[in-house]
Amino acid sequence: MSTAVHLKGVSVAYALAGGGKYEAVQPVDLSVRDGEFVALLGPTGCGKSTLLNIAAGLMAPSSGTCDIFGERLSGLNAKAGYLFQQDALMPWKTAEDNVAIGLEVAGASRREAHEKARAMLAKVGLSAFGDRYPHQLSGGQKKRVALAQVLVREPKILLMDEPFGPLDAQTRLIMSELLLDLWQQDRKAVMFVTHDLDEAIALSDRVVVMSAGPASRFIGEFTVHLPRPRDIAEVRAEPAFHRLHAEIWSCLRDEVRKTYGLPGKAGAEQGAV
Amino acid sequence: MPISRGKLLGLQILVAVGVFAFWHVVTNWSVVGDVKTMRFFFSTPYDVIVRVFSMFMEGSVYRHLWITLVETILAFVIGASLGIVIGFWFARKPLVAAVFDPYVKMMNALPRVVLAPIFALWFGLGIWSKVWLGVTLVFFIVFFNVYQGVREVPQVVLANARMLGMNERQLLRHVYWPAALAWVFSSLHTSVGFAVVGAVVGEYLGSAAGLGYLIHQAEGVFDVTGVFAGMVILMGFVMLIDGIVTLVEKPLLVWKPGETKTV
Ligand SMILES: Nc1ncnc2c1ncn2[C@@H]1O[C@H](COP(=O)(O)OP(=O)(O)OP(=O)(O)O)[C@@H](O)[C@H]1O
Ligand SMILES: [Mg+2]
């Protein structure tokens, strides 16, 4: 399989308004194979969104390179669909128009674009909300519109920044299942940022753990050997799931505590980040 | 707690009644000063209302209303178009904006009244000198709003639109244009109001027709009743235009988070 995204020695330092700089990410290497689902896990502020921005071509790395399917990326990554962490819908377009526009600007007819948009909205459970404007939607509904907006274009690479962040536990499960379903039908390369350890393991082929910032780096890489296709609800009951969970959590725990200025702590508390 | 429409309207009418009653009292009884002097300076509400009615009945006022309306519309359309085009241009070309910034500020700081005689000289005493006076007022409001609107599109919305595959032209059409338009519409009341001001001030300072001309004529012969009648008609005219603006903007701004209604 070819490599969809290849970050080579990528570091990022932000210029600060006062003139100094903030070293967000130390040189890291990451490659995501075509069709591979990689979860990016790490304490808040460690640079997960930063790395997605690099892969999307929205930002150039301070050092290192980013290759997309073997080609050096300069400018926007046209092969990627990006689900942003923040609200990024166009407030002046309805949900349906927001989803359809990505197809329309690519040359699809208005009718075809809107048919596909409606179908995708139905998949994320929003068929009744197509004519709503973003401000009339709940946080979770907006996120699902954004998900539909990205998925409807069928990009080769999916960059997802906490796509299920503001959803309740049940919807989260349904959305994860939907995502997994769609991904199983047509395997794309996925970079998936999440704070939810369970979600990361249940969905991905590989979990990459980042250290706390500043100058964060990769401190762990775990391959998920659970069989596919997976049933998200059932996979959590497997012993292999629990072993991996404990392993990753022990790697992550101290980093999370560091972010809040707490001393590292031995012991096996479990939980989400 | 929101006040009911009926109660609000009642209170608003009460204010008007109060003002008229006060006006009536001081011009009919010598409470503040001698009735004759008071009437000379302030006329009486009754006379003013009668005058307004007779102006409409005999029909002399329609021509003036029409002229002022045409000037207002032209001033708004030309001023807003220029404001939109130049606002866009400045927002997309930072160098242009930086170079012209001090000049834009200087021009905007200039009180427009001083331009009226010059415009009369350049464009004659007909409607165009008034139209251009209105344009100088409307232009800056629309210009600043479009400039602001285009520049303040959230970065993430822009990044998202780009990731969705939009090129520059499509960004203009689907992102910058609606964002700018929202700002234009949110300042619609102000800019239309200024179009009226430009027209009336222009007429007042030199013309042969329009509401401003009517008021100026009455002042020239110390016809205080005429002045007040002119002002009353002008106020009605402005309210009417403002009401039309409200009707027009409503469907255009549905996407804007406003007051949330529950039933
Ligand atoms: N434009 C910027 N200028 C300066 N520093 C920035 C900028 N953007 C991000 N940072 C810093 O870089 C670090 C990484 O930010 P990033 O948004 O990638 O974190 P994250 O891992 O996505 O966090 P979260 O999980 O909270 O979303 C943070 O410490 C942040 O303060
Ligand atoms: Mg983030």
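Highest GNM mean-square fluctuation among A:Asp231, A:Asp34, A:Asp161, for chain A modelled with Cα contacts below 10 Å: A:Asp231.
Comparing A:Ile248, A:Ile174, A:Ile201 in a Gaussian network model of chain A (Cα springs below 10 Å), the most mobile by mean-square fluctuation is A:Ile174. Ellipticity at 222 nm from helices only: DSSP H runs of n ≥ 4 in chain B, each -39500 (n - 2.57), divided by the residue count, give -26000 deg cm²/dmol.
Can you give the longest run of chain B that contains no GluC sites (Glu not before Pro) sitting in a DSSP loop with at most 15 other Cβ atoms inside 10 Å?
B:1-151
Note on surface exposure: B:His189, B:His216 rank B:His216, B:His189 by accessible area, highest first, 1.4 Å probe.
For the range B:163-263, run through the trypsin sites (Lys or Arg not before Pro) and keep only the ones in DSSP coil with at most 11 other Cβ atoms within 10 Å of their Cβ.
Listed in order of number, the matching sites are B:Lys261.
Per residue of chain A, the DSSP helices (runs of n ≥ 4 H) give a summed -39500 (n - 2.57) that works out to -11000 deg cm²/dmol at 222 nm.
Can you list which of the chymotrypsin sites (Phe, Trp or Tyr not before Pro) found in the range A:133-200 are DSSP loop residues with at most 13 other C-beta atoms within 10 Å?
Loop-located and lightly packed - none at all.
Once the chymotrypsin sites (Phe, Trp or Tyr not before Pro) in DSSP loops with at most 14 neighbouring Cβ atoms within 10 Å are cut out of chain B, the longest remaining piece is B:30-221.
Compute the angle between helix B:177-186 and the longest alpha-carbon principal axis of chain B, please, reported from 0 to 90 degrees and rounded to the nearest 10. The angle comes out at about 20 degrees.
Within straight cross-link reach of B:Lys130, meaning Cα distance under 24 Å, which lysines are found once same-chain residues fewer than 8 apart are removed? Cα-Cα hits under 24 Å: B:Lys105. For B:Asp242 and B:Val221, the difference between the fully extended length at 0.36 nm per residue and the C-alpha to C-alpha distance is 4.4 nm. Between the helical axis of A:139-151 and the longest alpha-carbon principal axis of chain A there is an angle of about 80 degrees. Largest mean-square fluctuation among B:Gly18, B:Gly134, B:Gly236, in a Gaussian network model of chain B whose springs join Cα atoms under 10 Å apart, belongs to B:Gly18. Counted residue by residue at 0.36 nm each, then reduced by the alpha carbon distance between them, the extension gain from B:Phe53 to B:Phe40 reaches 2.6 nm.
Which percent, to the nearest 5, of DSSP beta bridges fully inside the protein assembly as shown are antiparallel? Working shown, then result.
On the way: 21 of 40 bridges.
Counting only bridges with both partners in the protein assembly as shown, antiparallel ones make up about 50 percent.
Compared with the dominant Cα axis of chain B, that is its longest principal axis, helix B:45-58 is turned about 70°.
When the Cα atoms of chain B are enclosed in a convex hull and the volume is divided per residue, what value in Å³ results? Could you put the intermediate results ahead of the total?
Numbers: hull volume 50.3 nm³, N = 263.
Once divided by residue count, the hull of chain B is 191 Å³.
Measuring between alpha carbons in the structure, the pairs from A:Lys48/A:Lys156; A:Lys79/A:Lys188; A:Lys123/A:Lys143; A:Lys123/A:Lys156 lying more than 18 angstrom apart are A:Lys48/A:Lys156; A:Lys123/A:Lys156.
The values are calculated or read from the model by the stated rules, or taken from the named source; none is laboratory data. Please read these numbers as outputs of a predicted model, since none were measured by experiment. Here Cβ is always computed from backbone atoms with ideal geometry, including for glycine, and neighbour counts include all displayed protein chains. Heavy atoms of the whole protein, side chains included, go into the accessibility calculation; ligands, DNA and RNA do not. Shrake-Rupley method; radii C 1.70, N 1.55, O 1.52, S 1.80 Å.
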